[in-house]
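Inspection log for the structure reproduced underneath, given as structure tokens.
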């Protein structure tokens, strides 16, 4: 989920079509980036692309998190809240992050993972301090768009492959087109058991052997675009956020049907996706689109409903709270997405430009 490398730190990442998910100053390859993308029963927050940043968050399918702990991946640090997003403290390179441009976040217990422009930063003390992993530990590239974690397995979506660790992030092996990835630029990742899904710049790559090898799905299989910004999986249902719509598979990713503005999406460029039961949330660059019929039709939420911006790069749902990472702040809803309140630097966020979000 391409264009020539461009550095953007205080600015949003711009990616030309086709390409994905995600959000701010960074050095990016030539094409659009995102998101999301990002987790199995994990969290996926997002990827990005097209004139925005790339973020990769991962969500946990069917998670029972309450959402009291919120991790906002911003263009200037990882902002952490322990009060449902009312207030935040911001973590930066001063606390060990590899770079202040954070593309995606993931958390499990006291372990916090921040995908950023300078590596994958890992905290074991709730985000108080971090150690940073880079190519020196086996990452394919120090530009990490998204992260997903299942137990001791850590999956990092990088600008040069999908990097996999089986020792909690101490060391990594890197997978590329040589192992079947559609493209070495990976915007998001999700894993369930031995199934690993890589959102790439040239298709959705699926592995059934723990990431040892992949088969790649493209527009020929029904995807709305070759540029995949994020992916989310629930059972045999696979949801791919693309630059040409939200593509849905009910047969494990063998074939897809594509949803667009014709079905109510705010925009065909979808940066991230999250699913709870039959409710599907699509983060688009034209609003947060919500479906209550498994993706058959959508209603779109915008700044008119309280979003901080209409460009939504990350989405996460925990308990009764919906968190939308936008280009103008972190927007939170507690009424099923009917209305939102927006959090900004005034509440402690490192930057109003959000690349992704995760909650626990």
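The values are calculated or read from the model by the stated rules, or taken from the named source; none is laboratory data. Keep in mind it's a predicted model, so treat the numbers as computed, not measured. Cβ atoms come from the backbone with ideal geometry, glycine included; neighbour counts cover every protein chain shown.
Data overview
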quantity	calculated
Test: residue 63 is at pLDDT below 95, in contact with a strand residue (DSSP E or B) (Cβ under 9 Å, 6 or more places away or on another chain), surrounded by fewer than 22 Cβ atoms within 10 Å (Cβ to Cβ) and in a loop (DSSP other than H, G, I, E, B)	yes
Residue among 99, 69, 90, 132 that is surrounded by 19 or more Cβ atoms within 10 Å (Cβ to Cβ), under 19 Å from the mean Cα position of the chain (by Cα), modelled with pLDDT of 95 or more and more than 16 Å from residue 359 (Cβ to Cβ)	99
Residue match in the stretch 312-320 (condition: surrounded by fewer than 24 Cβ atoms within 10 Å (Cβ to Cβ), modelled with pLDDT of 95 or more, more than 16 Å from the chain's Cα centre (by Cα) and over 12 Å from residue 272 (Cβ atoms))	no
Out of 233, 170, sole residue that is closer than 23 Å to residue 117 by Cα and either assigned to a strand (DSSP E or B) or touching a strand residue (DSSP E or B) at 6+ places or on another chain (Cβ under 9 Å) (or both)	170
Matching residues in the stretch 111-125 - criterion: being in contact with a strand residue (DSSP E or B) (Cβ under 8 Å, 6 or more places away or on another chain), in a loop (DSSP other than H, G, I, E, B) and surrounded by fewer than 24 Cβ atoms within 10 Å (Cβ to Cβ)	118, 124
